[in-house]
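The values are calculated or read from the model by the stated rules, or taken from the named source; none is laboratory data. It should be emphasised that the depicted structure is a prediction, and the values quoted were computed from it without experimental measurement. Every residue, glycine among them, receives a Cβ derived from its backbone with ideal geometry; neighbour counts consider all protein chains shown. SASA here: full protein model, heavy atoms, side chains in, ligands and nucleic acids out. Shrake-Rupley method; radii C 1.70, N 1.55, O 1.52, S 1.80 Å.
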Amino acid sequence: MMWEKKGKIYCPQGEHEWEINTFMTPHAMRIEPGVIRIWGGVRDAQGVSRIKYIDVEESNPGNVLYVSEKPALDIGRDGCFDDNGVILGDIIPVNNQLYLYYVGFQHVQKVKFYAFSGLAISDDSGKTFHRYSEVPVLDRSPQGRFGRCIHTVLHEQDLFRCYYAVIDGWKYINDTPYPIYNIWYTESKDGIHFSREDDRLCVDVTGDEYRIGRPKVYPVENGYEMYYTRDLVSKDYIIGYARSADGINWSRRDQEAGLCRSDSGWDSEMACYPVKLKTDNSTWLFYNGNGMGKTGVGYAELTEIS
């Protein structure tokens with residue numbers, strides 16, 4: 001792939017106490033002719049994330065049409081699995097509603113955090129979401145003791161195909177713990193109940209990687225493609241790419257991702273968390289820059305398919 005960077009779109013500047021900075025793990029959807037809605041996680045002064053959205057022009061996503069003034073999804077109640085932050089996983093249409101799969105964070109005493117997946121539902125095109133349940137739809141498992149984080153759900157015929165990151169350990173780099181994770185697959189018949197019988201490893205770490213996650217999967221000609229974010233022990237946070245004929249067995253082609261860090265500016269240290277959106281006239285890639293989204297969300301346009 002060849003992506004032409006167009007620049008940064010948006011980052012909060014402390015307009016509210018719940019959004020001091022950051023617009024992380026974006027997700028984009030065309031909600032009406034001419035308008036793309038982009039949801040992302042914004043952080044308060046303590047680093048706790050809530051989900052809000054912006055509307056941008058479909059033909060020129062650098063033109064922001066509207067910025068939401070309230071969270072579309074706030075943090076959960078004290079003691080619940082999502083009481084210390086929520087970030088985007090995926091948003092899909094189901095029966096005239098939008099299903100938001102999100103990752104909820106909880107602080108615990110003996111590890112850095114837990115991160116499990118919840119479901120929230122919208123009846124107003126994603127302006128607001130209400131929780132399906134105060135407990136995760138994807139909770140811990142023997143393989144994912146510390147986190148199971150949904151980032152793509154494909155609704156194909158009568159099956160919900162789910163791609164998620166599994167956290168099952170911690171890597172200490174310069175005395176700081178970072179989660180170790182890789183990418184897994186599971187299935188559901190209703191998008192709510194996921195059987196562990198279908199769990200299988202899709203894409204594992206290799207070489208100097210210690211975590212690979214935030215999988216975004218798309219049907220393409222002759223199969224599927226996956227974008228994800230890789231982190232190396234050297235702390236190079238970069239985009240990767242893979243292809244599959246069946247959506248289960250994957251071949252890594254990281255050199256084909258086509259988007260790298262810039263020499264300077266808002267995405268000079270990181271280019272991560274890509275999400276693709278094809279419109280009538282263009283194919284856009286929305287992504288985060290430095291600080292895992294601390295500097296906001298930007299976009300690029302597809303100019304060549306490898």
- Message: Can you confirm whether SER59 is open to solvent by less than 30 Å² (accessible area, probe 1.4 Å) and small (Gly, Ala, Ser)?
- Response: no
- Task: Could you pull out the residue among GLY89, GLY76, GLY41 that is buried (at least 17 other Cβ atoms within 10 Å of the Cβ), touching a Phe, Trp or Tyr at 6+ places or on another chain (Cβ under 6 Å) and at pLDDT 95 or above?
- Result: GLY89
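Return a yes/no flag: does the stretch 11-22 have any residue that is under 16 Å from the mean Cα position of the chain (by Cα) and either of a type in the set (Gly, Ala, Ser) or open to solvent by less than 50 Å² (accessible area, probe 1.4 Å) (or both).
yes
Considering the stretch 161-193 alone, what residues qualify as being in a loop (DSSP other than H, G, I, E, B) and farther than 23 Å from TYR227 by Cα?
ASN174, ASP175, LYS189, ASP190, ILE192, HIS193
Can you tell me how many residues within the stretch 112-128 are closer than 12 Å to ASP82 by Cβ and either in a loop (DSSP other than H, G, I, E, B) or open to solvent by 30 Å² or more (accessible area, probe 1.4 Å) (or both)? Steps first, answer last, please.
Looking only at the stretch 112-128, we keep the residues that are closer than 12 Å to ASP82 by Cβ, and these are 113-120.
Now restrict to residues that are either in a loop (DSSP other than H, G, I, E, B) or open to solvent by 30 Å² or more (accessible area, probe 1.4 Å) (or both): 113-114.
So the count comes out to 2.
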- Filter the stretch 221-261 down to residues that are among the polar types (S, T, N, Q) and open to solvent by 30 Å² or more (accessible area, probe 1.4 Å) and give me whichever is farthest from ASN174 (Cα to Cα). ASN222
- Query: Quick one: what pairs do we get from the stretch 42-70, first residue assigned to a strand (DSSP E or B), second at pLDDT below 95 and surrounded by 13 or more Cβ atoms within 10 Å (Cβ to Cβ), C-beta under 6 Å, 6+ apart or different chains?
  - Reply: none
